[in-house]
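Trainee: Quick one: the structure is below, and I'll ask about it shortly.
The values are calculated or read from the model by the stated rules, or taken from the named source; none is laboratory data. Just so you know, these numbers come straight off a predicted model, no measurement behind them. Heads up, the Cβs are rebuilt from the backbone with ideal geometry, glycines too, and the neighbour counts pull from every protein chain shown.
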Amino acid sequence: MTTTNDSSQIAATNITTWKIDPEASRVEFTSRMRLMFVSKVTVKGCFTDVTGMLTVDESEPTNSNTTITIGTASLDTKMAARDKHLYSADFFDVEHYPSMTFTSQSIEELDQTAGHYHITGNLTIREQTHEVSLDATRDISSKTSGDSRLAFHLTAVLDRRDWGITWKRPIQQIEDQVNLELNIQFVPASSVV
């Protein structure tokens, strides 16, 4: 009798698929703005429409990959007039570009014990795609129902000009650097969220 060791089947058991829990996930940004040549204001905003998938290779985490899609019309800065302007063609142009997407290309493990990773991928905004790097920290917790869940905190600094967002006025100077912060929670793909 001959036995075979199907390594591909063994490897497949180490692959898990997760989906974003949109109720527990947020993408936030902060940017600085100078008004009337004098005062500096920090503008904070939050995108609440966040969806996506994560495939995790438990045996080799650096082979994992993720795609995150953010609905641009879900942006909220707690000021209706400012939000309306941000929805316009001067900024996100939500009518023509209803979403922006991040797709990972590579994951570097910096500290396995701390769950610290460096993620490089492509960020598409207004149909313009550029490579960005995210600093990521993973935390594993459990829901009260017993379902496992993966939580990630990711940060990056972006230059809005890379995606053609260049609007400014003499009396309203917006800094080009934008601080991005993602708090993302994933649940097993089979879960009902």
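Trainee: List the number of the failed condition for Lys84; all other conditions in (1) of a type in the set (Lys, Arg); (2) touching a Leu at 6+ places or on another chain (Cβ under 8 Å); (3) at pLDDT 95 or above hold.
Mentor: (2)
Trainee: Would you point out the residue of the range 15-71, among those that are assigned to a loop (DSSP other than H, G, I, E, B) and touching a residue at least 60 places away in the same chain (Cβ under 8 Å), that is farthest from Asp176 (Cα to Cα)?
Mentor: My answer is Asp21.
Trainee: Something else about it: Determine which member of the set Gly121, Gly115 is at pLDDT 95 or above and within 19 Å of Asn63 (Cβ to Cβ).
Mentor: Gly121
Trainee: Related question: Which members of the range 51-77 meet the condition of being more than 14 Å from Phe186 (Cα to Cα) and modelled with pLDDT of 95 or more?
Mentor: Ile70, Gly71, Thr72, Ala73, Ser74, Leu75, Asp76, Thr77
Trainee: It is to be established whether one or more residues within the range 2-16 are over 19 Å from Leu123 (Cα atoms), modelled with pLDDT under 95, under 21 Å from the mean Cα position of the chain (by Cα) and not acidic (Asp, Glu).
Mentor: Among the residues of the range 2-16, at least one is over 19 Å from Leu123 (Cα atoms), modelled with pLDDT under 95, under 21 Å from the mean Cα position of the chain (by Cα) and not acidic (Asp, Glu), which makes the answer yes.
Trainee: For the subset of the range 77-101 comprising residues that are of a type in the set (Val, Ile, Thr) and part of a loop (DSSP other than H, G, I, E, B), which member is surrounded by the fewest Cβ atoms within 10 Å (Cβ to Cβ)?
Mentor: Among those residues, the one meeting the criterion is Thr77.
Trainee: May I ask you to verify whether Gly146 is at pLDDT below 95 and more than 20 Å from the chain's Cα centre (by Cα)?
Mentor: Taking the combined requirement at face value, the residue satisfies it.
Trainee: Quick check on my filter: what residues within the range 149-181 are of a type in the set (Lys, Arg), surrounded by fewer than 17 Cβ atoms within 10 Å (Cβ to Cβ) and at pLDDT below 95?
Mentor: Passing the criteria: Lys168, Arg169.
Trainee: Being among the small types (Gly, Ala, Ser) and within 23 Å of Trp167 (Cα to Cα) is the filter here; which residues of the range 81-136 pass it?
Mentor: Ala81, Ser88, Ala89, Ser99
Trainee: Return the total of residues in the range 77-103 being among the hydroxyl-bearing types (Ser, Thr, Tyr) and without any contact (Cβ under 8 Å) to a residue 12 or more places away in the chain.
Mentor: The total comes to 1.
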